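J.: After the structure tokens below, expect a handful of questions from me.
The values are calculated or read from the model by the stated rules, or taken from the named source; none is laboratory data. As the structure is a computational prediction, the values presented were derived from the model and not from experiment. So basically every Cβ, Gly included, is an ideal-geometry build from the backbone, and we count neighbours across all protein chains shown.
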């Protein structure tokens, strides 16, 4: 094979590969859309911190606000009071708030719930099995599940009240968002 032909082959293979990799480095990995939006929520049974357990299938017919969190997570701390206030606002309705603690120890998780006076149900995903099924890659992450058990919206990062109430209403109506949302971290201090 002639040297210029080898050079042409190497150049023809390496240049597109380098270009593809360079393009990949310019992309935000959070831009990979969740394949779960619009699909049935993965089933789970969560041991609750109060000693009971909750099965997702038992919540069919209600809108579920499912929040993955940890006590050491600053954005989780930033949104904690807002989540509790939203739960209290919607408590008498067809809505269930459920917190899933992950990558944490039990005592700090319980201290977090006491500190923020969290009254909605929470449990610990000790083996991160539920988190894996939901494709969690960071926390907080929140899923809104409609009455039929379908994920209508996913939000990465801290939420605000406007998004919570709007997405709960959309889940009530069975509206599925086109894409997930992202929050900006705001300190609680």
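Here's the yes/no breakdown for (1) buried (at least 20 other Cβ atoms within 10 Å of the Cβ); (2) over 19 Å from the mean Cα position of the chain (by Cα):
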site: 58; (1), (2): no, yes
site: 62; (1), (2): no, no
site: 65; (1), (2): yes, no
site: 71; (1), (2): yes, no
site: 75; (1), (2): yes, no
site: 81; (1), (2): no, no
site: 88; (1), (2): no, yes
site: 94; (1), (2): no, yes
site: 100; (1), (2): yes, no
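J.: Same structure, new question: Considering only segment 64-75, state which residues are more than 17 Å from residue 165 (Cβ to Cβ) and out of contact with any helix residue (DSSP H, G or I) (no Cβ under 8 Å at 6 or more places or on another chain).
T.: Within segment 64-75, 73, 74, 75 qualify.
J.: Tally up the residues in segment 53-76 that are assigned to a strand (DSSP E or B) and touching a residue at least 40 places away in the same chain (Cβ under 8 Å), please.
T.: Matching residues across segment 53-76 total 9.
J.: Condition first: at pLDDT below 95 and in contact with a strand residue (DSSP E or B) (Cβ under 6 Å, 6 or more places away or on another chain). Now tell me which residues in segment 130-140 satisfy that.
T.: Those that are at pLDDT below 95 and in contact with a strand residue (DSSP E or B) (Cβ under 6 Å, 6 or more places away or on another chain): 136, 139.
J.: Looking only at segment 43-52, decide whether some residue is assigned to a strand (DSSP E or B), farther than 19 Å from residue 163 by Cα and touching a helix residue (DSSP H, G or I) at 6+ places or on another chain (Cβ under 6 Å).
T.: The answer is no, given that none of the residues of segment 43-52 is assigned to a strand (DSSP E or B), farther than 19 Å from residue 163 by Cα and touching a helix residue (DSSP H, G or I) at 6+ places or on another chain (Cβ under 6 Å).
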